[in-house]
Amino acid sequence: MAEQKVALVAGANGVVGRRLVEELATLDDWRVIGLGRRANASIPGVQMLGVDLLDPAEVARVLGPHLGVTHLFHAAYQDRPTWAELVPPNVAMLDNVLGAITGPALRHVSLMQGYKVYGGHLGPFKTPARETDPYFMPPEFMVDQQRLLEARQQGQPWSWSAMRPAVVGGAALGNPLNLVVAIAVYASLSKEAGLPLRFPGKPGAYDKIVEMTDAGLLARATIWAATDPGSANQAYNINNGDVFRWNEMWPLIARYFDMDVAPPLPLQLTTVMADKETAWQAMQQRHGLAPIPYKDVSSWPFADFVWSWDYDMFADGSKVRRHGFVEHVQTSAMLFAQFDQLRAAGVIP
């Protein structure tokens, strides 16, 4: 029988952390503990703990009884208005958790990053981005987190990995960084209003090359990197393995929702979707949907952000495949499967 590993997943309620917890819970040789600001997620076999990761005393108190953690998966994130303001809280959360669990049992720390490491959020950048690309002028909290992790690991028996996904596709609700749910809700409300499906992004974003990362694929890659001896102290780009343009994907999405496509029109969804709660509730009543609050499906700032990229947004994902993780996902199939999940759960008609 394999030796049991103890996973601690920080940020377990997010689109990334939730899927990671679900994946770990299917494995017989793992015991899983999830951390979140709320401990209300119900996954069989998973111990969920509510904690404010910005409070080091609270983190130490909550994690004190769990000194047997062998693997930390850090996917916690707190948003702030500016790039500089993102640095202190997000670095502090990682530092606080590391301070509470870096005991003799610890074997590996997995850090969730993204293409912000390459400056992808700032404007046109070198593509395909590679793990060996140099850093840029700060602030950037993901870079600071990795530097903290590397410094804390010096002379220690545990190792680290840094996972860098593209836009993550998942069906988790109540998350501010969920493009799949934003697409599904935007399309459903458009159809309910008798409108065609218009791409709402910035002019130029419709025909640029982009890619996504399936949340399940990311979870499996993350677990692989955390347990594969040859992956110690490595960063990996994790993507589905295909690239696309929205001008190709958008008609496929419209066909899924049985809608016509109209020409793109720049729409600031944060503004135009702000008054749609009444329409959301009317749609729920008409179709007998689950009574999910509108705020739990609203990811409009993130959708606006993704659809503002009027430049290519993709990275070289070959390193992880050369090292042994060879799984891939067709992005259109991923989107349709996750729309199916939202329909099955009564989120959209």
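The values are calculated or read from the model by the stated rules, or taken from the named source; none is laboratory data. Just so it is clear, the structure is predicted and the values come from calculations on it, not from any experiment. Methodologically, a virtual Cβ is constructed for each residue, glycine included, from the backbone with ideal geometry; neighbour enumeration extends over all protein chains shown. Heads up: the accessible areas ignore ligands, DNA and RNA and are worked out on the full protein's heavy atoms, side chains in. Shrake-Rupley method; radii C 1.70, N 1.55, O 1.52, S 1.80 Å.
Among the residues that make up the stretch 300-321, is at least one of them surrounded by fewer than 21 Cβ atoms within 10 Å (Cβ to Cβ), more than 21 Å from PHE199 (Cα to Cα), among the hydrophobic types (A, V, I, L, M, F, W, C) and touching a helix residue (DSSP H, G or I) at 6+ places or on another chain (Cβ under 9 Å)? Within the stretch 300-321, none of the residues are surrounded by fewer than 21 Cβ atoms within 10 Å (Cβ to Cβ), more than 21 Å from PHE199 (Cα to Cα), among the hydrophobic types (A, V, I, L, M, F, W, C) and touching a helix residue (DSSP H, G or I) at 6+ places or on another chain (Cβ under 9 Å). Name the residue that is most open to solvent (accessible area, probe 1.4 Å), counting only residues in the stretch 221-243 that are touching a helix residue (DSSP H, G or I) at 6+ places or on another chain (Cβ under 6 Å) and not polar (S, T, N, Q). Selected residue: ASP242. With the requirement that a residue be part of a loop (DSSP other than H, G, I, E, B) and open to solvent by 20 Å² or more (accessible area, probe 1.4 Å), what does the stretch 62-77 give you? LEU67, GLY68, ALA75, TYR77 - these are the residues of the stretch 62-77 that are part of a loop (DSSP other than H, G, I, E, B) and open to solvent by 20 Å² or more (accessible area, probe 1.4 Å). A Cβ distance below 7 Å, combined with a sequence gap of six or more or placement on separate chains, defines the contacts here; from the stretch 143-163, residues that are hydrophobic (A, V, I, L, M, F, W, C) reach residues that are part of a loop (DSSP other than H, G, I, E, B) and surrounded by fewer than 18 Cβ atoms within 10 Å (Cβ to Cβ) in the pairs VAL143/TYR135; TRP158/ARG107; TRP160/ASN233. With the requirement that a residue be touching a Gly at 6+ places or on another chain (Cβ under 6 Å) and over 13 Å from ALA7 (Cβ atoms), what does the stretch 61-76 give you? LEU67, ALA76, listed by residue number. Filtered by the rule that a residue be in a helix (DSSP H, G or I) and open to solvent by 10 Å² or more (accessible area, probe 1.4 Å), the stretch 90-132 gives VAL91, ALA92, ASP95, ASN96, GLY99, ALA100, TYR115, LYS116, TYR118. Residues in the stretch 30-46 that are farther than 10 Å from ASN13 by Cα and at pLDDT 95 or above: TRP30, ARG31, VAL32, ILE33.
Given the structure, is VAL32 of a type outside the set (Ser, Thr, Tyr), under 20 Å from GLY170 (Cβ atoms) and in contact with a helix residue (DSSP H, G or I) (Cβ under 7 Å, 6 or more places away or on another chain)?
It is true that VAL32 is of a type outside the set (Ser, Thr, Tyr), under 20 Å from GLY170 (Cβ atoms) and in contact with a helix residue (DSSP H, G or I) (Cβ under 7 Å, 6 or more places away or on another chain).
Put simply, of SER298, SER332, SER318 the only residue that is within 21 Å of the chain's Cα centre (by Cα) and farther than 22 Å from ASN237 by Cα is SER298. Every listed requirement among (1) open to solvent by 40 Å² or more (accessible area, probe 1.4 Å); (2) assigned to a helix (DSSP H, G or I) is met by SER332 save one, (1).
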